[in-house]
Amino acid sequence: MVLSTGCVASVVSGGLDGAAGVGVDAGTLSLGADAGGGEGSVFGDGGPVEGGASPDGGRVEDAGLAGDGGGSLEDGGGSLEDGGPPGDGGPRDAGARADAGPEDAGALPDAGRFDAGVSADAGVGDAAVPDAGTPLPVVDAGLPQDAGCLAGATAACVTSCGSGGTTSCSGGAWGPCVPPPESCNLADDDCDGVCDDRMGCRIGVDRAFNGSAGLHFYTTDDAEASCCGYQVETYDAFYLYDSPQPGLLPFYRCRTSAGAHLYTTDGSCDGESLEGTLGWIATGAACGSVPLYDLYQASTGDHLYTESGAEVSSAEGDGYVLQGTAGYVWPGACGGAGCVWPSPVAMAGSARVEATGFPTAWYGFPIPAGASFSSLAGSVSLSQSQDLYSEVLFILQDLPSGACPAGRWPASTPEFGPPGAVGIGQFIVKAPAHGTFSLPLDFTLPGGLPIGHCLLLGLNGGPVSTAHDMTSAADLTLNYTTAPSAQRLIGLGGEFCFGQDWGCQRATTDDSRSFAKVTPVGQTTRLVALYGDVSDTTFDGTSAFGAPPAGAWTAKNDFYVYHGAECSSFGVASGIAGPGDYYGAIPPDATLLLSVPLSGSGIGVATRPVFKTFRNLSIAAGDCLVTLWGLSGGGGFDDETQVAALVAP
């Protein structure tokens, strides 16, 4: 439950929900298997990176997908707006822009920037532990006893740690009692000596402080923790359980009449106003929990919660009075050193940004080695309260080795991910006006994509030209399997500006011109699927950008296979070409894989998910994948695709 008490003022439905004056296309492009051609782009590009400075003097960025550098307009200026103390009592919204070549092991590269827990029990389930009345009684070893058993038969048993396991019959005898997978129940289910040693059971609580008011604030929403005059002191300062468990109590978030916050297991909030439930807290030591001390300072009305005895002593010297213990919390996301997320992985995160410059908030999700990315569902979104241009690139990566701390990563993490990270998906959301702009996602990858060790989620972006308050959020569920996969990604994305002669990867004031990206195919490859999204938008109508269209507009985004010598018609062997007349020179035998025209009128944005599968579509060595961008209708415009091709040998 998310409760709003004015953290972001006057955010109304817009974008894909149809904000007044904002042209929007909320459709979802989801096509079934195609026996013919089709390939997309958002990560890979076999060509060189175009890393020169953009015409406006900004930098060209590369997030590691494929070799096309982006740009970023950073003009600063503008007023900041905040709407009072935070009031969202809900759980964390939690849990790249690039384009990389087919052989690129780096992060999902930048296809061009405008430059200026799991609470379900994963155990045996219905295989209950036999009681004294069952035909197969439990014996000392925890196994059923019988004169014999039928080969292949299974039965319930009690494990050495007391959990309900299963045993199988082989050679006329029952085998060992196999423990169930670990579940979120404050118990050691899998008999490894540690309770709840898996990710997804607990949720981190951020600690923030408002220096001018002298008040502390605790929330599971990272974006809210930095809202309304508060600054984050510690992300994931301590952990609560994310769902009810036996022996735990709700830990309520309450707001006092003076505007401070207190947290308690008392559902009446000690007579103050209830805002929601922060999570579930223990009343005593359980599964590695530690006391959470509650201190109160009368002069400010502040409630300080800490696990540190040393901080208690220090705070008492500053006028705080120890009220007692609020309950018992957990110092980590997981009970053991080798914790990983079981499938599905709840990849969620949020970030509140005011400044220009495209900062990135990174989150880590440990998973087992040797897995395969099989499906993704959920949504990503951008919310803002002013009619100013913003954009956010949502980056999914896999880090095959190295440290993988769970939760929010330090701000020092590189903008487009740590060295060695490999892109597995990117999705772009743009907003030229106020509102909430959402992109729904739901697809399954045939044959999967190799991943393992550490999944990463990056929220990269914010205000483009004028500083203002903007919040990005991802709420995604990623499924993986243990089946091996030899498939890989090729990025086909890019970003191009029309109606002005600067910005994006390249720009033109002539709407009769178009842009192309050429990705050569070095060996015969089978196309499996295209996935990602397209976001086409006008700018906000301010003098920082080209003037918006006066009427209707249509942006063109098309994906082709060109054959043999046709690939040399662009004047480049690989990478970006244009502006030129590429739509007027499409070879008659070129294979159209996918066409995504998006339309609107006046200031507006059209964003659409892309997913299409292919059967038996082989691309020969010497052919090339071609992406084309064009516009009709005039005006300042940003046309961007973040689409990747999943290919097999």
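The values are calculated or read from the model by the stated rules, or taken from the named source; none is laboratory data. It should be emphasised that the depicted structure is a prediction, and the values quoted were computed from it without experimental measurement. Methodologically, a virtual Cβ is constructed for each residue, glycine included, from the backbone with ideal geometry; neighbour enumeration extends over all protein chains shown. Ligands, DNA and RNA are excluded from the accessible area calculation, which covers all protein heavy atoms including side chains. Shrake-Rupley method; radii C 1.70, N 1.55, O 1.52, S 1.80 Å.
What to note about this one:
- Taking Lys and Arg as +1 and Asp and Glu as -1, the other residues whose beta-carbon sits under 9 Å from that of residue 234 total -2.
- Extension gain for the segment residue 354 to residue 150, taken as residue separation times 0.36 nm less the Cα-Cα distance, is 66.7 nm to one decimal.
- Cα gyration tensor shape for segment 379-428, rounded if a/c is under 1.5, else prolate or oblate: prolate
- Rg/Rh for segment 254-305, where both radii come from Cα atoms and Rh is the Kirkwood radius: 1.00
- Rounded to the nearest Hz, the phi-derived 3J(HN,Hα) couplings of segment 181-187 under the Karplus curve 6.51 cos²θ - 1.76 cosθ + 1.60 (θ = phi - 60°) are x, 5, 10, 8, 8, 6, 9, where x marks glycine and proline.
- By definition, a body whose alpha carbon gyration tensor gives a ≥ b ≥ c is oblate when a/c is 1.5 or more and a/b is not larger than b/c, and segment 462-586 fits this oblate description.
- Backbone HN-Hα couplings from phi across segment 202-214 [Karplus 6.51/-1.76/1.60, Hz, Gly and Pro as x]: 10, 10, x, 10, 7, 10, 10, 9, 9, x, 6, 8, x
- Taken one residue at a time, the phi angles of segment 240-254 give Karplus couplings (6.51, -1.76, 1.60, θ = phi - 60°) of 10, 6, 7, 8, x, 9, x, x, 9, 10, x, 10, 7, 9, 10 Hz. Gly and Pro are set to x.
- Prolate/oblate/rounded call for segment 402-533, Cα gyration tensor, a/c under 1.5 rounded: oblate
- Computed accessible area, residue 401, all protein chains, 1.4 angstrom probe, square angstrom: 80
- Residue 442-residue 283 FRET efficiency (beta carbon distance; Förster radius 35 Å; 0.05 resolution): 0.30
- Mean separation of Cα pairs under 8 Å and 6 or more residues apart, divided by the residue count, gives segment 249-309 a relative contact order of 30 percent.
- In percent, rounded to a whole number, the relative contact order of segment 148-288 is 16, using alpha-carbon pairs under 8 Å and six or more apart.
- Cα-based values for segment 344-409, radius of gyration first and Dmax second, are 14.6, 46 Å.
- Three principal axis extents describe the C-alpha atoms of segment 576-628; from largest down they are 43, 29, 20 Å.
- Summary of packing: across the peptides 267-273, 557-563, 423-429, 595-601, the per-residue average of other C-beta atoms within 10 Å ranks them, highest first, as 423-429, 557-563, 595-601, 267-273.
- Sites residue 231 and residue 621, calculated FRET efficiency, Cβ-Cβ separation with R0 45 Å, nearest 0.05: 0.20
- Cα-centred dipole magnitude for segment 471-515, charges only on beta-carbon of K, R (+1) and D, E (-1), debye, nearest 20: 260
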